[in-house]
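To start, the structure under review is shown below, and the notes come after it.
The values are calculated or read from the model by the stated rules, or taken from the named source; none is laboratory data. Not measured: the values here are computed from a predicted model. FYI the Cβ positions are ideal-geometry reconstructions off the backbone, even for glycines, and counts take in every protein chain you see. All accessible areas refer to the heavy atoms of the entire protein, side chains included, with ligands and DNA or RNA removed. Shrake-Rupley method; radii C 1.70, N 1.55, O 1.52, S 1.80 Å.
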Amino acid sequence: MDNQASVGIDQVKSIDQVMQQVAEHKGCGTSSEGGKASCGSSGGPEDMAPEIWEKVKNHPCYSEEAHHHFARMHVAVAPACNIQCNYCNRKYDCANESRPGVVSEKLTPEQAAKKVLAVASTIPQMTVLGIAGPGDPLANPEKTFKTFELVAQTAPDIKLCVSTNGLALPEHVERLSQYNIDHVTITINMVDPEIGQHIYPWIFYKNKRWKGIDAARILHEHQMRGLEMLTERGILCKVNSVMIPGINDQHLVEVNKAVKSRGAFLHNIMPLISAPEHGTVFGLNGQRGPTAQELKALQDSCEGEMNMMRHCRQCRADAVGLLGEDRSAEFTTEKIETMEVSYDLEGRKAYQEAVEQERQATVAAKQAEMADLEAEFSDVKVLIAVATKGHGRVNEHFGHAQEFQIYELSTEGSKFVGHRRVDLYCQGGFGEEDTLPTVIRAINDCVAVFVAKIGGCPKDSLKAAGIDPVDKYAHEFIEQSAVKYFKEYLAKVKSGEIVHAARGDADIRQGAYIAA
């Protein structure tokens, strides 16, 4: 192991030590493997103004780098909604389902504030509180702002966020600013009402239900005006767009240009979730979602215009934990009532300081590995899948992975480009053979999968599918390891040992086991 990697290992130990100390302070101890406590964009500080970096450096939704280390939580205090989307059905709930609008229980502002303290005192890496539903936060303004007021009084270090459809946004911008809400996400699926009428059956505005193109026009005007008002006040705006093949997929390029011109910080193009069992209009009429390569191609085409978010998990409205995990079952109202909450601000600060040290080690390791690659000249690009539990490392067993992170490798280095949810392969200590083909289809466009460990049966099946199972980088930095692998891949292409060819497409799994 080289010096850079050794430095990284030391940094991880320091974070684990901090987590252990926090766990002991809470009386939790450790139970997970390795002794760990049980209880934006890809840009860095050199890419943005210092005041912007301070807002995004530990926000897992606004910084791709941060999402490896920091957690978020949503509280479900906003049940009412003022528009209807053809991809939404808030009446359905499943504990293992991940999609916006889904919750297991609705909370009062007082219950929500207590839940925030309970989570933040147990999970020191939780840095962000968002209100995203299950309806629209600004269609429930009193509940939303009361929650923020209570949290700000007792946990002032937590960032406050709102996700909205934008219809009521202009009338609440001043209040958002007064409550020091630095991050607002607006879902904008169209800038042409002709297209919007096929996405939104109706909106409710000024005590009247509007339908068709009139509804879409009003919504569009309010979204644009609200975005402009927010950016004028220095509030960071992320725009979410749902990619709906045949309806707005090509049009989202125009959406991207429109929101960029109005000062949006980040654009997140998400795949349509349209499983029939969810009971949405699109699900019941057979509207398909995009394939993995269709989604990536659209994101790539928009990337030259502005920062693209690639790490979104389309979270539930009551999600808790790192992106890609959900610990909300640990913090039900019934359980919180029995918890003794002690808000450890110093423990939270210690964790975040340790993360900053690890970030520096991660960047140094990647830069050291990139030195030799910069002399290479090749137009070869490949995708790899990575099984990880966080901290930017290859540290998950293949059979325990509930998602794979996807990186694109080229002579420019490694770039995070997305994730793929999968059904859990190992269940009850045994491999579920019926599940393996679905896992392979989810990463079928990748030349390799990086894992901490893998069994013989899945290894053989992956090889048969043309996917290289790689376990030699176990517990090392993902991006440093990816560059190493790519240099070896290029050498094999040049020697003729392997023939580089484009891979096939991959599935975006909508009914996967993970609840994010």
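Taking the condition in contact with an Asp or Glu (Cβ under 7 Å, 6 or more places away or on another chain), open to solvent by 10 Å² or more (accessible area, probe 1.4 Å), modelled with pLDDT of 80 or more and of a type in the set (D, E, K, R), does Lys381 pass?
Considered against the rule, which asks whether it is in contact with an Asp or Glu (Cβ under 7 Å, 6 or more places away or on another chain), open to solvent by 10 Å² or more (accessible area, probe 1.4 Å), modelled with pLDDT of 80 or more and of a type in the set (D, E, K, R), Lys381 comes out as yes.
Please report, ordered by residue number, the strands (runs of 3 or more DSSP E) entirely within segment 402-516 with at least 2 residues that are open to solvent by 20 Å² or more (accessible area, probe 1.4 Å) and at pLDDT below 90.
Correct list: 413-421.
Scan Glu221, Glu228, Glu232, Glu254 and give me the residue that is more than 30 Å from Lys57 (Cβ to Cβ), of a type in the set (Asp, Glu) and more than 24 Å from the chain's Cα centre (by Cα).
Glu221
Which residue is modelled with the highest pLDDT, if the candidates are limited to segment 273-286 and must be surrounded by 19 or more Cβ atoms within 10 Å (Cβ to Cβ) and over 18 Å from the mean Cα position of the chain (by Cα)?
Phe282
Determine the pairs where a residue that is over 18 Å from Arg348 (Cβ atoms), located within segment 71-82, has a partner that is part of a strand (DSSP E or B) and open to solvent by 30 Å² or more (accessible area, probe 1.4 Å) with Cβ atoms under 9 Å apart, the partner being 6 or more residues away or on another chain.
That search, which allows pairs on different chains as well, returns His74/Ser163; Cys81/Phe204; Asn82/Phe204; Asn82/Tyr205.
Anything in segment 105-142 that is under 20 Å from Gly166 (Cβ atoms), in contact with a helix residue (DSSP H, G or I) (Cβ under 7 Å, 6 or more places away or on another chain) and buried (at least 22 other Cβ atoms within 10 Å of the Cβ)? List them, or say none.
Result: Ile131, Pro137, Leu138.
Out of everything in segment 100-158 that is among the polar types (S, T, N, Q) and out of contact with any strand residue (DSSP E or B) (no Cβ under 8 Å at 6 or more places or on another chain), what residue ends up being farthest from Gly347 (Cα to Cα)?
Among residues in segment 100-158 that are among the polar types (S, T, N, Q) and out of contact with any strand residue (DSSP E or B) (no Cβ under 8 Å at 6 or more places or on another chain), the one farthest from Gly347 (Cα to Cα) is Ser104.
What single numbered condition from (1) in contact with an Asp or Glu (Cβ under 8 Å, 6 or more places away or on another chain); (2) within 28 Å of Met229 (Cα to Cα); (3) open to solvent by 20 Å² or more (accessible area, probe 1.4 Å); (4) not aromatic (Phe, Trp, Tyr) fails to hold for Met309?
Going through the list (1) in contact with an Asp or Glu (Cβ under 8 Å, 6 or more places away or on another chain); (2) within 28 Å of Met229 (Cα to Cα); (3) open to solvent by 20 Å² or more (accessible area, probe 1.4 Å); (4) not aromatic (Phe, Trp, Tyr), Met309 breaks only (3).
How do the helices (runs of 4 or more DSSP H) wholly within segment 176-266 filter down when requiring 1 or more residues that are modelled with pLDDT of 95 or more and touching a Cys at 6+ places or on another chain (Cβ under 8 Å): which remain?
It comes to 212-232, 252-261.
Could you give every pair whose Cβ atoms fall below 6 Å, whose first residue belongs to segment 315-340 and is open to solvent by 20 Å² or more (accessible area, probe 1.4 Å) and part of a loop (DSSP other than H, G, I, E, B), and whose second residue is of a type outside the set (Ser, Thr, Tyr) and at pLDDT 80 or above, counting only separations of at least 6 or pairs across chains?
As it stands, the answer is Met339/Ala118, since those pairs meet every condition given.
Scan segment 143-171 for residues that are outside any loop (DSSP other than H, G, I, E, B) and open to solvent by 20 Å² or more (accessible area, probe 1.4 Å) and jot them down.
The answer is Lys143, Lys146, Glu149, Leu150, Ala152, Gln153, Thr154, Lys159, Ser163, Pro170, Glu171.
Is it the case that Gly196 is open to solvent by less than 30 Å² (accessible area, probe 1.4 Å), out of contact with any Asp or Glu (no Cβ under 7 Å at 6 or more places or on another chain) and on the phi > 0 side of the Ramachandran plot?
Taking the combined requirement at face value, the residue does not satisfy it.
Exactly one condition in (1) within 23 Å of the chain's Cα centre (by Cα); (2) open to solvent by less than 10 Å² (accessible area, probe 1.4 Å) is false for Met270; which is it?
The one condition Met270 does not meet is (2).
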